[in-house]
1. Between Arg109 and Arg13, what FRET efficiency comes out of the Förster formula 1/(1 + (r/R0)^6) with R0 = 30 Å and r the beta carbon distance, rounded to 0.05?
2. List the relative contact order of the chain as a percent without decimals, with contacts defined as Cα pairs under 8 Å and 6+ residues apart.
3. In whole Hz, what ³J(HN,Hα) sequence does the stretch 183-198 give by Karplus (6.51, -1.76, 1.60; θ = phi - 60°), x for Gly and Pro?
4. Quick one: which residues, 5 or more positions from Ala24 or on another chain, have an amide H under 5 Å from its amide H? H modelled 1.01 Å from N in the peptide plane, none for Pro or chain starts.
5. With a point put 7 Å past each Cα toward its Cβ, work out how far Thr89 is from Val133 in nm, to one decimal.
6. For helix 118-137, report the angle its Cα long axis makes with the longest principal axis of the Cα atoms of the chain; keep it between 0 and 90° and round to the nearest 10°.
7. I'd like to compare 27-33, 46-52, 166-172: which one has the highest average count of other Cβ atoms within 10 Å, and what's the full order after that?
8. With a 1.4 Å probe and all protein chains left in place, how much accessible area per residue does the chain have, in Å²?
Amino acid sequence: MNPETNPVTVDTRYGKLLVAVSSAKEDSFHDWERGNVTELRPRVRIASDPTFEADPGHVDHWTIRGRAYAVHQTVYFRDLSKADYASGTNLDLWHSEESPYRGGFRNDRRAQVEYRTKTYDLMRQAVADALDVFAKEHQGWDDFSVYLLKASKRDSEMSKYARLLKEAEEHKVQGEKFDQEAAPLYESLPADLRALVRT
């Protein structure tokens, strides 16, 4: 399970956006200047309704030009504003990582809002604007996202450590049992056979 915080609410021109800080994601790729690199990408999970189901029928749906819409995505932060292809807007900062099943941008028929339509662009811009507000009001959220990743890795390793300690103790008990069973047999061996036992 991906650890995340309780969501906070940010107002947009179309409705509310709920934002929960999720654990950062490690992304490994090849950069022509830096070679093979791994970046930590701080993430948030966003939705227009508290069920996080992208339900346009929910009372907390978005309304654009008189129609109901809904949002549910995982978004990561990566500053691409200096890239050659950047537009110089906040859309170069907030990037959709994934849209869960029945998520993404959905219309009142529960269908996906088509990529690069006017409505899609309006929703994407509203999300980016809301996330700018969120980041300003919750400075350090990105470090907290990285903390959630590190804490999750820590908990996983400590869980493995506890499991291995338990297994080690079980092996120790079994070893002591076999040692108790072997000791009288060794004691009864003639001296010439004892001399053959490797120590």
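1. The formula returns an efficiency of 0.85 here.
2. After rounding, I find 18 percent.
3. Values per residue, Gly and Pro as x: 4, x, 5, 5, 4, 8, 6, x, 4, 5, 7, 4, 5, 7, 6, 6 Hz.
4. Result for Ala24 returns Arg43, Val146, Leu148, Leu149.
5. Computed distance between label sites Thr89 and Val133 equals 1.8 nm.
6. Once rounded, one gets 60 degrees.
7. The peptides rank, most packed first, as 46-52, 166-172, 27-33.
8. That works out to 65 Å² per residue.
The values are calculated or read from the model by the stated rules, or taken from the named source; none is laboratory data. What you are looking at is a predicted structure, and each value in this text was computed from that prediction instead of being measured. Note that each Cβ is placed from the backbone with ideal geometry, even for glycine, and that neighbours are counted across all protein chains shown. Keep in mind that these areas ignore ligands, DNA and RNA; they rest on the heavy atoms of the full protein, side chains included. Shrake-Rupley method; radii C 1.70, N 1.55, O 1.52, S 1.80 Å.
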